[in-house]
Each structure stands twice: as structure tokens, then as C-alpha cells.
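As C-alpha cells, the structure follows; a few thoughts come after it.
The values are calculated or read from the model by the stated rules, or taken from the named source; none is laboratory data. Here the structure is a predicted model, which means the values were calculated and not measured. Cβ placement follows ideal geometry from the backbone for every residue including glycine, while neighbour counts extend to all protein chains displayed.
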Amino acid sequence: MQHEVPEPPAERARRARVLAALGDPTRLAVVDLLQVQDLSPDALAAALEVPGNLLAHHLKVLESAGVVTRHHSQRDRRRTYVRLLPDSLEGLLPAASGTSATRVVFVCTHNSARSVLAEALWQSVSDVPAASAGSEPAERVNPHALAAAARAGLVVAKARPQSVEDVLRAGDVVVTVCDAVNESIDVPPHLHWSVPDPAAIGSPAAFDDAITDLRERVTVLAPLITRTHHRRASR
């Protein structure tokens, strides 16, 4: 019988730290909530019904174990979002629960970059229809976003940005990809991805990085959403 290659001590130590960090019901619940979305500490505390100071302790433990990371909102620098680090829990977590939807709609402020790229990425991996919209639609899709999509082999079908009011309808799963939208407008219950605005930097690399970020998130969410098929009324 062939012997397996021993696991490197550093990797074994990492797994031990992660498993120890998850050995608390509240921390495990935090990770469950973050599997497909980013949440502020306030939102996590409210969802889990725990005091803010206690949640801060749990987040510190998870950060030290390399499970989550925090960054400031692009709209309100006083606010932070917590994100589950990709691959940090590979093989350690149960699968996230799924849902069905008629469409997945990605929303940002101008509907000219992040939401458009997320829509294109989604359409490349899922048969669930996708759309995108903006709270303050721009006049056109950002040319740098179109160039980045072409470099990534993505097809952007959107002719021009559209407003949230014109796009959203019942049965949609809504994903905000912009901190400003998540914090300032009234959208239906939704998932939030705190994705940095590449247009604020303007470089090709920033738009490529946005695609990489969005691709990781789409890859996680897509298998959890199945298509809702409307039945035709019988005559």
C-alpha cells in the first residue's frame, strides 16, 4: 500500500487554528451568515442577537485564525464590512442552503461597471437569468469595464445602464455590489458584496481585480440558486 505524503506541519497548524476558532456556536453562526455575502458588525450582531462587544471578540478570534477580514465601506469610512476569506474553510463547512429565483439582479450606483460585470460573469456560469441596475444610472457602460470584460472573455449584452425601479420585479434575488447602494437606498431583502469601485482608480488593473473578486463570489453563489419556472395557466 502506498503511503500518503504527510501533511506539512504549517498546514496542520493552520487547520487546527481554524477548527479551534469555529468551536463556538456564535462564531460558527457568523461564518454561516458570511458564506455568500458581506455584512457589517452591526448587521451580524442584530442577526445573531448578541451584544456588540461580544461580537467584536468573536470577530477578533476569526480574524486571528485567518477566517474573515474587515475593510471600510467606500461610502462611509466609519462603517466596516466583514468578509469570509476565500478557501479559508475549504472542506470544513456544510454547504450553504440554496434557493430558487426567476432572476438574479446585481445592483450598484451607476450600473456601469461592477453590476454589469457581475451580470456577465453570472451568465457565463448559470442558466438562471441575470440582470443589473443602478440607483443613479450613468449614460453609458464604462469603457474600461467593457475592455476588462473582453480581456476576461466575457460578453456584456447591456446596451445602456438602467434604473433599479425599471428592472426589479417579484421573484428576483437581489445582490448589491456597491456599499453606497447597500447603505443608502431601500431595496428588497438582498445579499451584499462589498466590492471596491474600479472606476475610482480607473486603471485596467483595477477593473481586472474587480472581475477576479466578482468571479470568486459568483462561483460560490451560482450553485445555490436554481431557476424558478413559471407554469402556464391551464385553459
Original post:
Among (1) buried (at least 19 other Cβ atoms within 10 Å of the Cβ); (2) modelled with pLDDT of 95 or more, where does Val173 come up short?
Top reply: (2)
Original post:
Between a first residue in region 205-218 that is under 18 Å from Val155 (Cα atoms) and a second residue that is surrounded by fewer than 22 Cβ atoms within 10 Å (Cβ to Cβ) and small (Gly, Ala, Ser), which pairs have beta carbons less than 7 Å apart while being 6 or more apart in sequence or on different chains?
Top reply: Ile211/Ala152
Original post:
How many residues are touching a strand residue (DSSP E or B) at 6+ places or on another chain (Cβ under 9 Å), at pLDDT 95 or above and polar (S, T, N, Q) when one looks only at region 1-55?
Top reply: 2
Original post:
Do you know which residues across region 120-174 are among the polar types (S, T, N, Q), outside any helix (DSSP H, G or I) and closer than 11 Å to Val104 by Cα?
Top reply: Ser126, Ser132
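Looking only at region 29-87, count every residue that is within 20 Å of Leu214 (Cα to Cα) and touching a residue at least 60 places away in the same chain (Cβ under 8 Å) and tell me the total.
Within region 29-87, the subset within 20 Å of Leu214 (Cα to Cα) is 31-40, 67-75, 80-87.
Still in the running and touching a residue at least 60 places away in the same chain (Cβ under 8 Å): 31-32, 35-39, 71, 73-75, 81, 83, 86.
Total meeting the criteria: 14.
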